[in-house]
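All remarks here apply to the structure that follows.
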Amino acid sequence: MKKIIAHPAPKPLSKSAPILGRVAATIIAVMLVLQIIGLGKILPELSTQFNGRDGWAIAVTVSALLVGIIAIPFLLRRKLSHLANLFSGVAAVLAPWIWTLVVVWSVGLPDIKAVQFGIVGCFNVGWWLLVVNVLWLIFNFYTVRQLNLEKIWYEATGLKPRSQLKKGKK
């Protein structure tokens, strides 16, 4: 059995990447705190959005909370194994993606509250929320890219980048 070793975070692609990572982690942490405090509000509203399907509401809520928690170590550049780093980096993009899909599902429906803000989600879902979620998704994707998730991917999978494959054939 291979021993799991924690590795330091890879060298970021830009000097501002660690700051962007901390900003993204802070956004996710604030959202998580608001969602956990407002859990009693999230579940009934999501159930309404999913036409009374409580199972879907619970699955989306638990998924969003777990993915948000898993995303934080990569964004803070913690020492993790390659696989944990990879999962955490992907989770940093999945966290806003889940809420973007929920908003896409419910935009245009009458009297649906913005549950992704947990306890402070007292306003209705609209196109503006879709724009905010897409911007959050783009920001996290850019941040993960700048924190060099690609290097972790190649180290975790053992694959070689395409540029090295071309050199090997010549």
- Task: Take the solvent-accessible surface of the protein heavy atoms, probe 1.4 Å, and return the percent of it on segment 1-95 that carbon and sulfur atoms account for.
- Result: 72
- Message: I'd like to check one number: the per residue accessible area of segment 14-156, probe 1.4 Å, reported in Å² as a whole number.
- Response: 51
- Task: With no solvent and one equal point scatterer per Cα, compute the Debye intensity ratio I(q)/I(0) for segment 45-170 at 0.09, 0.18, 0.19 Å⁻¹ and report its log10, rounded to two decimals.
- Result: -0.35, -0.96, -1.02
- Taking the chain as a Gaussian network, Cα atoms linked when under 10 Å apart, which of Asn51, Asn85, Asn140 shows the biggest mean-square fluctuation? Asn51
- Task: Compute the distance in nm between two label points, each set 7 Å from the Cα along the Cα-to-Cβ direction, one at Ser14 and one at Ile37.
- Result: 3.2
- Note on the structure: Those helices of the chain passing the 27 Å axial Cα length cut-off and the mean Kyte-Doolittle cut-off of 1.0 (DSSP H runs only) are 17-37, 54-75, 82-106, 127-146
- Message: Under 8 Å for C-alpha pairs, at least 6 residues apart: give me the relative contact order for segment 1-126, rounded to a whole percent.
- Response: 33
- Rg and Dmax of segment 1-66, using alpha carbons, in Å: what are they? 17.8, 48
- Query: What Rg and what Dmax come out for segment 10-119 when only alpha-carbon atoms are used, in angstroms?
  - Reply: 15.4, 47
- Message: At 1.4 Å probe size, what's the solvent-accessible area of Trp97? Round to the nearest 10 Å².
- Response: 120
- Message: Take the residue pairs Lys79/Lys151; Lys11/Lys151; Lys15/Lys160; Lys3/Lys151 and return only those whose Cα atoms are more than 18 Å apart.
- Response: Lys15/Lys160; Lys3/Lys151
- Note on the structure: D (µm²/s, integer) via Stokes-Einstein for segment 105-157, Kirkwood Rh across alpha-carbon pairs, 10 °C, 1.306 mPa s: value 119
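The values are calculated or read from the model by the stated rules, or taken from the named source; none is laboratory data. Nothing here was measured: the structure is a model prediction, and the numbers come from that model. FYI the Cβ positions are ideal-geometry reconstructions off the backbone, even for glycines, and counts take in every protein chain you see. For accessibility, only protein heavy atoms count, side chains too; no ligands or nucleic acids. Shrake-Rupley method; radii C 1.70, N 1.55, O 1.52, S 1.80 Å.
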